[in-house]
Amino acid sequence: MSAFCYWEDDTLVLNILGRPRAKKTKIGKVIGKQLEIHVAENPVRGKATAHLVKFLAGEFDVAESAITVVFGVYNVNKQLRIAAPKRLLSVIPPQQSA
């Protein structure tokens, strides 16, 4: 898959490049096969990833429990699965109907 995200039924799979220690948590730009996200938290024992999940839960209008970190809890390269997002970021294509 060449894109930074894709759909598996109603689940959005998202590849992320985390940028910890940012002044503000915000969505960045698409860099290759990843979506850059600036995180206002230090990368200590998964705190930045936990902060990222909480932020994205608000952005996608889902519960934090609807977001699964597939890999990258302690790394800047992450993959997340977001179950049935109610809202999408402008850079994410809508789910295709079957």
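Each value in this text was obtained by applying a stated rule to the coordinates, not by laboratory testing. Since this is a predicted model, take the numbers as computed values, not measurements. All Cβ positions, even for glycine, are placed from backbone atoms using ideal geometry, and neighbour counts span all protein chains on display.
Quick notes on this structure:
- Take the Cβ atoms of residue 40 and residue 70, set R0 to 22 Å, and the FRET efficiency comes out at 0.40.
- Where labels lie 7 Å past Cα in the beta-carbon direction, separation of residue 79 and residue 47 in nm: 2.9 nm
- Placing +1 on the Cβ of every Lys and Arg and -1 on the Cβ of every Asp and Glu, with nothing else charged, gives the range 5-83 a dipole about its Cα centre of roughly 600 debye.
- Antiparallel DSSP beta bridges within the chain, as percent of all bridges there, nearest 5: 85 percent
- With respect to the chain, whose longest principal axis is taken over its alpha-carbon atoms, helix 47-60 is tilted by about 30°.
- Cβ-based charge dipole, the chain, positive-most Cα from 14, 42, 72: 42
- Within the chain, helix-based [θ] at 222 nm, where runs of 4 or more DSSP H residues each add -39,500 (n - 2.57), nearest 500: -4500 deg cm²/dmol
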